[in-house]
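Coordinate-derived values only; no laboratory data. In this text, all values refer to a predicted model and were calculated from it rather than measured experimentally. Backbone-built Cβ (ideal geometry, glycine too); neighbour counts: all protein chains shown.
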Amino acid sequence: MCRVNVLLIGSGAREHAIAWKLRQSPKVDRLYLAPGNAGTLPVAENLDVSATDLPQLAEAARRVKADLTIVGPEAPLAAGVVDYFRTEKLPIVGPTRAAARIESSKVFAKELMQRHGIPTAGFRVFTSPSEAKRYVESHSVPFVIKADGLAAGKGVVVAQTKAEALAGVTDMMERRAFGASGERVTIEECLTGPEVSVFALTDGVHVAPLVAACDYKRIFDGDKGPNTGGMGSYSPPEFWNSALADQVMRTIIQPTTRAMAQEGYPFQGTLYAGLMMTPTGPQVIEFNCRWGDPETQALMPRLKSDLLDIYLAIANRTLDKVAVEWRPEACVGVAIASAGYPGDYQKGVPIYGLENVDRDLMVFHAATKMQNGQVVTDGGRVLTISALGKTLTEARQVAYRGVAQIRFEGAQWRTDIAERAVASTL
Ligand code: AMP
Ligand code: GLY
């Protein structure tokens, strides 16, 4: 068998989960992470290269003789890492910068959906704050106001009153709370219904069977408190079924991948659709151009197929030739965060109990590092503890057993991940 060297760009729990899964492939020889974290050390070699430094990444790929580079986060994709590697004749899989606009520009994504009749909330685009305010004054609430560019999930205001809507416009467009992302904003109709993250692996032409997960964005139980990068996830959602998967494939995923190919920027990689199950059917809230975090930590344990085979098939446009199969088991992932997150927090806090975690648990590191032989915290979200189970109830119990085995000062986590799903399936 011909074994390959793989370079994976990124350093979060999502990348640890992808690395963990890649390591199980007999075809992967050496696995490198740029830059990785303390958790990826047992499965890969960490390279001291920033995930957004394109020339250094290309240099590292050449140095380690990577046969394939895979990209975790959106920032390098939006910066054009795929185009850069292709110019340098380095093998890489992922969406080009033009295709990554499906995430990096909300206006691009909304206009694409509008042109191709893909269900999404009605919207208007504004480049002038006074026009945006006039629109708010003359229409009825609620509205959703979004800054155009990447804003780490924070450039969105769901306004229930005109005062909130006007404050959102002022913050984004005049105070530039999200920098240049506030040059253009969209004001959207407010949709209602349960949210679901749907993932479609595609080579630009073929699309693999969909998989779905739910995530939890707020810091506190009961969806209270400020937004975070994601505090936990579970898969599959209790309301997900094959009829719904077919409907999402037919009305959203296939028209989107076809539209992107037709318009000259075929999407190769993981197309992530954030959907709302409205009373009139699934509608797109947003698209992302990569796997979700924390959803990936609840998905990789469910992936039965060889992840390297899948990536090679995406790169070669032969995704119809490989099986992409998901185990029927449920998976629950609970994030553990530093005290104070998503506000200010300390780094360098020692983490205890990692070596004693039960073997049926997966501990995916998000922000950790080694300091004098001790694993310490190195960011806001520190770890995700994931567990499989025959049912969501079982997976949830095992995951929380793991959470209780790990300790660091000020550690905080939500106690209600997958709780509503468990309650509704009893
Ligand atoms: P986004 O960054 O576009 O995913 O938006 C962040 C969150 O805002 C979503 O997860 C939704 O909960 C909410 N949201 C975004 N757009 C809408 C909409 N059109 N209607 C209702 N809620 C929305
Ligand atoms: N789960 C949210 C994100 O990955 O953007």
Practice task
Take each of the peptides 103-113, 284-294, 368-378, 347-357, average the number of other beta-carbon atoms within 10 Å over its residues, and list them starting from the highest.
Solution key: 284-294, 103-113, 368-378, 347-357
Completion exercise
Scoring only Lys, Arg, Asp and Glu (+1, +1, -1, -1) among other residues with Cβ under 15 Å from the Cβ of Ala261 yields +1
Completion exercise
Residue by residue through segment 51-58, the couplings from Karplus 6.51 cos²θ - 1.76 cosθ + 1.60 with θ = phi - 60°, in Hz, x for Gly and Pro, are 5, 10, 8, 4, x, 5, 5, 5
Exercise for the section: Mark the label point 7 Å from the Cα of His206 along Cα→Cβ and return the residues of segment 257-298 whose backbone N is within less than 18 Å of it. Expected result: 257-258, 261, 266-271
Practice task
Going by C-beta contacts inside 10 Å, put Ser242, Ser50, Ser181 in order with the fewest on the left.
Solution key: Ser242, Ser50, Ser181
Fill in the blank from the handout: On the formula 1/(1 + (r/R0)^6), with r taken between the Cβ atoms of Ala167 and Asn241 and R0 of 35 Å, the FRET efficiency rounded to 0.05 is 0.30
Problem - Computed over the chain: relative contact order in percent, which uses C-alpha pairs under 8 Å that are six or more apart - result: 16 percent
Completion exercise
Long-range amide H partners of Leu68, meaning residues 5 or more apart or on another chain whose placed amide H is closer than 5 Å, are Asn5, Leu7
Exercise for the section: Rounding to the nearest 20 debye, state how big the charge dipole of segment 298-367 is about its Cα centre with +1 on each Lys and Arg Cβ and -1 on each Asp and Glu Cβ. Expected result: 160 debye
Fill in the blank from the handout: Rounded to the nearest 500, the 222 nm mean residue ellipticity computed for the chain from DSSP H runs (n ≥ 4, each -39500 (n - 2.57)) alone is -8000 deg cm²/dmol
Completion exercise
Dimensionless Rg/Rh of segment 146-201, both radii on Cα and Rh by Kirkwood, sits at 1.04
Handout entry: At most 15 other Cβ within 10 Å, DSSP loop - trypsin sites (Lys or Arg not before Pro), segment 41-76
Key = Lys65
Fill in the blank from the handout: Checked segment 282-368 with the C-alpha gyration tensor, a ≥ b ≥ c its square-rooted eigenvalues, rounded below a/c of 1.5, otherwise prolate if a/b is larger than b/c and oblate if not; verdict prolate
Exercise for the section: Using only the Cα atoms of the chain, construct the convex hull and provide its projected area averaged over every direction, in square nanometres to one decimal. Expected result: 20.2 nm²
Completion exercise
For the pair Gln114 and Thr318, the simple spin-label estimate (label points 7 Å beyond Cα toward Cβ) gives in nm 4.2 nm
Completion exercise
Among Asn372, Ala44, Tyr234, the residue whose Cα sits farthest towards the positive end of the charge dipole of the chain, when +1 is placed on the Cβ of each Lys and Arg and -1 on the Cβ of each Asp and Glu, is Ala44
Problem - Dipole in debye (nearest 20) - segment 35-120, about Cα centre, beta carbon charges: Lys, Arg +1; Asp, Glu -1 - result: 340 debye
Completion exercise
Once the dipole of segment 106-176 is set up from charges on Cβ (+1 Lys and Arg, -1 Asp and Glu), the residue from the list Thr127, Met113, Ala165 lying farthest towards its positive end is Met113
Fill in the blank from the handout: Here FRET efficiency (C-beta to C-beta, Met370 to Thr192, R₀ 41 Å, nearest 0.05) is 0.35
Practice task
Would you mind checking which residues have amide H under 5 Å from Gly36's amide H? H placed 1.01 Å from N; only 5 or more apart, or other chain.
Solution key: Gly10, Ser11
Fill in the blank from the handout: So the FRET efficiency between Glu325 and Asn227, C-beta based with R0 = 35 Å and rounded to 0.05, is 0.55
Exercise for the section: Compute the distance in nm between two label points, each set 7 Å from the Cα along the Cα-to-Cβ direction, one at Ser130 and one at Gln262. Expected result: 3.9 nm
Practice task
With only Lys, Arg, Asp and Glu charged, each at its Cβ (+1 for the first two, -1 for the last two), find how big the charge dipole of the chain is about the Cα centre; round to the nearest 20 debye.
Solution key: 400 debye
Completion exercise
Interchain or sequence-distant (5+) residues whose placed amide H lies within less than 5 Å of the amide H of Cys190 are Val144
Problem - Environment charge at Gln56 (Cβ cut-off 13 Å; Lys +1, Arg +1, Asp -1, Glu -1) - result: -2
Practice task
Note down the nm distance, to one decimal, between modelled labels 7 Å out along Cα→Cβ at Arg407 and at Arg359.
Solution key: 2.5 nm
Completion exercise
With Thr415 itself left out, Lys, Arg at +1 and Asp, Glu at -1 over residues whose Cβ is under 11 Å from its Cβ give -1
